[in-house]
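The values are calculated or read from the model by the stated rules, or taken from the named source; none is laboratory data. No experiment lies behind these values; they were computed from the predicted model shown. Methodologically, a virtual Cβ is constructed for each residue, glycine included, from the backbone with ideal geometry; neighbour enumeration extends over all protein chains shown.
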Amino acid sequence: MAEVFKLNHVSKIYKNDGKEFPALKDVSLSINEGEIFGIIGMSGAGKSTLVRTLNRLEEISDGSVSFYGQDLSKLKPKEIRKIRRQIAMVFQSFNLLGQRDVLSNVMQPLRIAGIPRAGRKKKALEMLKIVGLEDKKNEYPSRLSGGQKQRVAIARALAADPKVLLCDEATSALDPKMTGEILELLKEINETRKLTIIIITHEMSVVEKICDRVAIIDDGKMVEAGEVKEIFRAPKSEAARKLVFPSNPFDPSDEESRLIRLVFDGLAANRPFIAELVEQTGKKVNILSANTKSVGGIGYGQMVVELPKDKKEQELIISFFKNGGLSVQEVNEP
């Protein structure tokens, strides 16, 4: 599998009034051809700065960024412009031209590239068909819904046949229904066109739905990276746990009791583990919160339970769940 991007010890420091502000701190990661890769972090974590280093819109302070093995810092302006034509971007704000109709908006990058009008019109219509908006070609952006505007933006991004699609908070301005539809469209494009897609977001639900792998950025550092399903099952960093764990407003009822998080998937989701616990051991737990979701197309469930205060009973219950194939993690684990 070809390596599209490789970042080695990348740092970025902004300078203002003689002061230094580190935005990225020693970030190393790789993104492979054909995958949907998520970059997630809270506001100000550095994820947008990181994605701008991928097409050298942001010059790095240290380290290296390569695209298909080419070190971007060593390329001349003409070579960088050629690289950027292979890396399309989709933004939260759509960035459509309000005074031009849908077809003209999709044709815009082809016009800039010097493609003859007949050729760019044909290509634009093909792209609109892919995103399901062929019938809106003569409409203006002001008459479109947010989801339709984002579909037009995606069609425009695809028009130049890029190798990579960067989606910077592309669903943040959309309601849940539209978000789901756009994510399904991106997944379909990834599968049918073998396009590498990079999703920048602050929402774990976006990553869980379509990403293959994810990097978690916190305070400019990459604190965790790996397959989405593995990070969901057992997040190792505090930042990942905050993103993955369900909100739980309850504290243990006793200072000697413990809260644990159980994760189950696939066939395990159909087993009545709590009932089996009571039947087989006679022990009980207090269920504080529970939910289910799709992670990479697989149904997952998670549950936060309070264990009894007796230490031996706690270990017996934890062993029971682990032996049943569940992932078990302390909720308040440091």
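So which of I231, I197 is at pLDDT 85 or above, outside any strand (DSSP E or B) and among the hydrophobic types (A, V, I, L, M, F, W, C)?
I231
From the list R111, R84, the one residue that fits, being of a type in the set (D, E, K, R) and closer than 20 Å to K163 by Cβ, is R84. Number of residues in region 147-185 that are outside any helix (DSSP H, G or I) and either modelled with pLDDT of 95 or more or more than 16 Å from Q108 (Cα to Cα) (or both) equals 13. Pairing residues of region 65-89 that are assigned by TED's automatic domain parsing to the domain that holds L50 and more than 22 Å from T201 (Cα to Cα) with residues that are charged (D, E, K, R) and assigned to a strand (DSSP E or B), at Cβ distances under 6 Å and at least 6 apart in sequence or on separate chains, gives S66/K6. Scanning region 19-58 for residues that are free of Cβ contacts under 8 Å to residues at least 12 places away in the same chain and among the charged types (D, E, K, R) yields K19, E20, R52. Determine whether I87 is touching a strand residue (DSSP E or B) at 6+ places or on another chain (Cβ under 7 Å), surrounded by 13 or more Cβ atoms within 10 Å (Cβ to Cβ) and closer than 26 Å to G34 by Cβ. Taking the combined requirement at face value, the residue satisfies it. Scan region 142-159 for residues that are in contact (Cβ under 8 Å) with a residue 40 or more places away in the chain and either surrounded by 19 or more Cβ atoms within 10 Å (Cβ to Cβ) or of a type in the set (V, I, T) (or both) and the total you get is 10. Taking the criterion of being in a strand (DSSP E or B), in contact (Cβ under 8 Å) with a residue 40 or more places away in the chain and surrounded by fewer than 14 Cβ atoms within 10 Å (Cβ to Cβ), the residues of region 1-18 that qualify are E3, H9.
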